[in-house]
Amino acid sequence: MELATLEALQAAEGQRCLAEAMARGVTPQTALTVSTALRARYPVEIVAAAVTQALLRAHAVVKFGPDAARMYFTAEGLEQATRAPVAARHAARYPATSRIADRCCGIGGDLRALAATHDVLAVDQNPLVAAIAAANAEALGLAPRVTVRCADVTTLALAGYNAAFLDPARRMSGRRVFDVRQYQPPWSFIATLAARVGDVGVKVAPGIPHDLVPAHAEAEWVSVGGAVKEAVLWFGSLRTESVARRATLLPGSATLTDADAADTPPVGPPLRYLYEPDGAVIRAGLVAAVVTQVGGTLLDPTIAYVTSDTHMQTPFARVWEVVDVLPFNLKRVRTYLRAHGIGHVVVKKRGSPLDPEALIHDLRLSGPEHATLFLTQVAGVHTMLVARQIVGSER
């Protein structure tokens, strides 16, 4: 979308066309039919933009809920935007007195949450993206708290703003960038920002190596519904004293830190229950904290499976009851499953070279029963655990 197209879409005629596209509940399957009907009354460019926005708004409901119906998007901007509960988590870290510079604001995913409680300077160097951020602030009734600037975030003066949030670009030529040194703005700028501004949050990819996290930062890994979405580095007063790593689970804001973890968790054989830690817990290197919490041990010092004779509901791990433990051998496993009438399995693995789909095919299953198979290492031996999930531990 071009800037002129956005402006046309915001004008009276564009608004009427967009309202009609929304009212028709346009889908990818009906987009051509809806477009053809609208072209009888509106210019082709406006129809194309309106139908595209209606499709993006429908897709954006997952991230923004009902607000999506009033917002403007680009496909790339929507993909990269922070979803509402995560953005709310970000905003909650800032004191009420913070005046925040939202650098690399994008289409306004975080801006939406930050401006609900703070005055915000929203900055993006892309003119269209900055215009969309301003349009979204206006549409959501946040404009009185928001100032939007199209500028280079590395050079813009921030007089009057005592905090910052930065979501650097992590794509180059349409491809994701996993090396933080290739972020834009560059990592060298990000690493020195906190020294100049004070309270700073920096959104980074969840795969960031721990050794790249600055010593004076708190790194927080966030998962939503069990799926890891991001990591954020917190500086200044936004950092919790004596905490270097944190895992936060949404919804609910359950949180675990390195202050909760034993230095070297014990290792032992499979016990009655198996705990599968949340991905944010694993990324944050806090599996040892789950071991401490459930009074358990690790199956292997390098693998994130925890076992215990104690059953405890915890938001930080799914719980399974271990039914059987077998040294892995395809023929023996096939015989076991047939003897128990197990014809439907879910295969999970850590520390196993096997492909779950290929294994299921090779097992040639039949029977009415269900089971979950864990392929892992126990004392250096390739092992299969047969388990059933405890009701209430699903996420």
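Coordinate-derived values only; no laboratory data. Computed from a predicted structure; not experimentally measured. All Cβ positions, even for glycine, are placed from backbone atoms using ideal geometry, and neighbour counts span all protein chains on display.
Between A19 and A143, the simple label model (points 7 Å from Cα in the Cβ direction) yields a spacing of 1.7 nm.
Between R334 and I360, the contour length at 0.36 nm per residue exceeds the Cα-Cα span by 8.4 nm. Dividing the mean sequence gap of close Cα pairs (under 8 Å, 6+ apart) by how many residues the chain holds gives a relative contact order of 8 percent. What is the pair-distance distribution P(r) of the stretch 35-138, computed from all Cα-Cα distances in 10 Å bins starting at 0, with each bin given as a whole percent? Computed distribution, short to long bins: 15, 43, 28, 10, 3, 0. Indicate the gyration tensor shape class of the stretch 78-257 (rounded, prolate or oblate), computed on the Cα atoms with a ≥ b ≥ c the square roots of the eigenvalues: a/c under 1.5 is rounded; otherwise a/b larger than b/c is prolate and the rest oblate. Rounded shape, in that the Cα axes give a/c under 1.5.
Can you give the Rg to Rh ratio for the stretch 283-388, taking only C-alpha atoms and Rh from Kirkwood?
Expressed as Rg/Rh, it is 0.98.
Beta-bridge orientation, the stretch 78-257: approximately 45 percent antiparallel, per DSSP, counting only bridges with both partners inside. Length gained on full extension, A116 to L156, computed as 0.36 nm times the residue gap minus the Cα-Cα distance: 12.1 nm.
Treating r as the C-beta distance of H216 and N126 and R0 as 30 Å, the FRET efficiency rounds to 0.45.
Kindly identify the chain as rounded, prolate or oblate by the Cα gyration tensor criterion: order the square roots of the eigenvalues as a ≥ b ≥ c, call it rounded if a/c is under 1.5, otherwise compare a/b with b/c, prolate if a/b is larger, else oblate.
Verdict is oblate for the chain.
Semi-axes of the equivalent ellipsoid of the stretch 3-70 are 18, 15, 9 Å, computed as sqrt(5λ) over the eigenvalues of the C-alpha gyration tensor in descending order. Across all Cα atoms of the stretch 263-306, the radius of gyration (one decimal) and Dmax (whole number) stand at 9.3, 26 Å. Within the stretch 170-303, antiparallel bridges make up roughly 75 percent of the DSSP beta bridges whose residues both belong there.
DSSP bridge analysis restricted to the chain gives an antiparallel fraction near 60%, rounded to the nearest 5. The calculated FRET efficiency for T97 paired with E76, based on their beta-carbon distance and R0 = 25 Å, is about 0.15. Going from the fewest other Cβ atoms within 10 Å to the most, the residues T264, T154 appear in the order T264, T154. Between the listed residues A157, G77, I100, the Cα displaced farthest toward the positive end of the dipole of the stretch 56-157, a dipole computed from Cβ unit charges relative to the Cα centre, is found at I100.
In plain terms, the residue of I107, I390, I190, I46 with the fewest other Cβ atoms within 10 Å comes first and the most crowded comes last, giving I390, I190, I46, I107. In this simple spin-label approximation, E369 and R350 carry label points 7 Å from Cα along the Cα→Cβ vector, and these lie 2.6 nm apart. Site pair V267 and T310 shows an inter-label distance of 2.3 nm when each label is modelled 7 Å from Cα along Cα→Cβ.
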